[in-house]
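Taking it in order: structure first as structure tokens, then the write-up.
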Amino acid sequence: MEIEIIEIPKIENSLGNIAVVENDVIPFDIKRVYYLYDIPSSSIRGGHSHKNLQQVLIAISGSFDVVLKDGFSTTTITLNKPDKGLLIKNNTWRELENFSSGAVCLVLASTVYNEGDYIRDFDEFLESKK
Ligand code: T46
């Protein structure tokens, strides 16, 4: 499975760092921003794919693992840097797990929220890939 990590431009100095997300860094127009926080370490989030939605996930604090499945292979990516974004294309099953204490997952999304875009059943996901 092809994994695309997006480098978020940053300005570093002795006073601290600034990471800047502008539209030209992200391969879609950002229509929604949300973030997961106060996540118990035992939580497994996600467990679905999207028919059309594309997203970029950034660990702006702490760390967590993202398990991606395309119906043929499984890849696990650890996100732990605020200047690295993981692009998740549509039709990709994702699970988020192993959240560290204080982890915050920022998500840049290509569409507004639409429950009809989700496939939350893994067998249905596999069927949709045929
Ligand atoms: C994803 C991962 C990384 C809304 O009403 N609006 C929203 O924009 C979102 C994201 C969620 N919700 C509602 C839908 C559910 O009733 O919030 C509840 C929890 O959502 P969900 O179970 O989908 O949460 P996660 O963390 O499993 O998944 C979310 C995103 O939904 C999903 O697209 O890729 O974060």
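The values are calculated or read from the model by the stated rules, or taken from the named source; none is laboratory data. Note that the coordinates shown come from a computational prediction; the quantities given were computed from them, not determined experimentally. Heads up, the Cβs are rebuilt from the backbone with ideal geometry, glycines too, and the neighbour counts pull from every protein chain shown. Remember, those area values only see protein heavy atoms, side chains included, never the ligands or the DNA or RNA. Shrake-Rupley method; radii C 1.70, N 1.55, O 1.52, S 1.80 Å.
Within the range 47-58, can one find any residue that is near the ligand (Cβ under 10 Å from one of its atoms), within 14 Å of the chain's Cα centre (by Cα), of a type in the set (A, V, I, L, M, F, W, C) and open to solvent by 50 Å² or more (accessible area, probe 1.4 Å)? No, the range 47-58 has no match at all. If I ask for residues that are within 11 Å of the chain's Cα centre (by Cα) and crowded, with 18+ Cβ neighbours inside 10 Å, which ones from the range 94-106 would you list? Correct list: Arg94, Leu96, Cys105, Leu106. Of all residues being buried (at least 16 other Cβ atoms within 10 Å of the Cβ) and part of a loop (DSSP other than H, G, I, E, B) in the range 64-79, which is modelled with the lowest pLDDT? Just the residue, please. Among those that are buried (at least 16 other Cβ atoms within 10 Å of the Cβ) and part of a loop (DSSP other than H, G, I, E, B), it is Gly71.
Residues in the range 37-46 that are touching a Cys at 6+ places or on another chain (Cβ under 9 Å), within 9 Å of the ligand (Cβ to nearest atom) and open to solvent by 30 Å² or more (accessible area, probe 1.4 Å): 1 in all. When Asn90 is tested against the conditions (1) in contact with a Ser or Thr (Cβ under 9 Å, 6 or more places away or on another chain); (2) closer than 23 Å to Asn17 by Cα; (3) open to solvent by 20 Å² or more (accessible area, probe 1.4 Å), the lone failure is (2).
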